[in-house]
Amino acid sequence: MTEELNVLRLSVRNDPAFGPYEYLEVRPLVDGVDVIEAAFGQEDHGVQCGDPRDWLVPDGPLSVGEGAHWVEFASKACGCHDLLYLTLRRDGDIVVWSWESAEAGIQALPEYRFDAAQYDAELERARRDGGWEWPAQTVSRLVLDGLRGQTGWLERWSCELGHVWTDPKHPGQVLLYFFREERDAQGRYGRAEEFAMMAPVTDEDPARQAGRIVRAFLAGDPRTVDGLRPCPMDEVGYGHYHGDGPTPWKLHG
């Protein structure tokens, strides 16, 4: 008998009480059913999944590699109280989702099994959709795409890309943050230099703007780009950073 598989669909929504780009979240639908509504019923007010700026990135938290990993799937909107955890793994050509609740009263969810090809295609579709983005976010995503695959240029200058970020509260700019680490006498790494810049965003085509930023950084030492200045991350002026670098949201077993 052929195994009946689930079908994943990812949507992005926001809290209608706020602006169109505030409190954005990715809402997974499985076989057309909102997973958060299934788990929390009428009590889902104030429960959020991940921000698309965190989740809809290459190798984001819903991507599944060779090893199993778990994700903080849903929390209170304040972000201070996890409610639901998701474990993801591959079983041959199948992607498997299983669940763990952080407290009593949350409806138990079944194990979901997806065709891996359909699953990966849906993640890519959602990532490329971009209908939820504002112009600076589009520039931010394109800059990140353009720099992530160019690891050699950073290694040449012993630098790492920390964040490429924008916030709807600052719709006219994109933040770029780089750092360099050195090993001390005890062999421990520490931040030796930190650099940041706010790149202005205009009404010009986002791809053109992103292309200029990427070319400026790839042309030489990234620390010499016009507008980049020594600046600790906690002094840049943004209250919160999301995971544009490696995948800190993935806790591997």
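The values are calculated or read from the model by the stated rules, or taken from the named source; none is laboratory data. Bear in mind that the values here come from a model prediction, so they are computed numbers and not experimental data. Glycine gets a Cβ as well: all are built from the backbone with ideal geometry, and neighbour counts include every protein chain shown. In case anyone asks, the SASA skips ligands and DNA or RNA and just uses the protein heavy atoms, side chains included. Shrake-Rupley method; radii C 1.70, N 1.55, O 1.52, S 1.80 Å.
Ranking Tyr119, Tyr85 from most to least accessible surface, computed with a 1.4 Å probe over the protein chains only, gives Tyr85, Tyr119.
A 1.4 Å probe, protein heavy atoms only, puts the accessible area of Trp55 near 20 Å². For region 160-212, trypsin sites (Lys or Arg not before Pro) meeting the loop criterion (DSSP other than H, G, I, E, B) and having at most 13 other Cβ atoms within 10 Å: Lys169, Arg188.
Computed from backbone phi with θ = phi - 60° and the Karplus coefficients 6.51, -1.76 and 1.60, the 3J(HN,Hα) list for region 167-184 is 9, x, 6, 10, x, x, 7, 10, 8, 10, 9, 10, 8, 10, 10, 10, 8, 8 Hz; x is used for glycine and proline. You can think of it this way: the chain between His170 and Asp91 has 24.2 nm of extra reach, that is 0.36 nm per residue less the Cα-Cα gap.
Stretching Arg27 away from Thr202 to a fully extended chain increases their span by 60.0 nm, per 0.36 nm per residue minus the current alpha-carbon distance.
The residue list Gly130, Val164, Trp70 was ranked by how far each Cα lies along the charge dipole of region 53-193 toward its positive end, using unit charges on Cβ atoms, and Val164 comes out on top.
On the beta carbon distance between Glu193 and Val7, with R0 = 35 Å, the FRET formula returns roughly 0.15.
Residues whose amide H lies under 5 Å from that of Gly50, counting only those 5 or more places away or on a different chain, are Val26; hydrogens are built 1.01 Å from N in the peptide plane. In order along region 142-153, the Karplus-derived 3J(HN,Hα) couplings, from 6.51 cos²θ - 1.76 cosθ + 1.60 at θ = phi - 60°, round to 5, 5, 4, 4, x, 9, 4, x, 10, 5, x, 5 Hz, and Gly and Pro are given as x. Full extension of the chain between Thr224 and Asp145 gives 26.3 nm of extra length, using 0.36 nm per residue less the Cα-Cα distance. In the context of the full set of protein chains, region 168-210 has a per residue accessible area of 60 Å² (1.4 Å probe).
Taking all protein chains together and a 1.4 Å probe, the residues Glu181, Glu122 rank Glu181, Glu122 from largest to smallest accessible area.
Computed in the context of the full set of protein chains, the accessible area of region 110-181 at 1.4 Å probe radius has 49% of its extent on carbon or sulfur.
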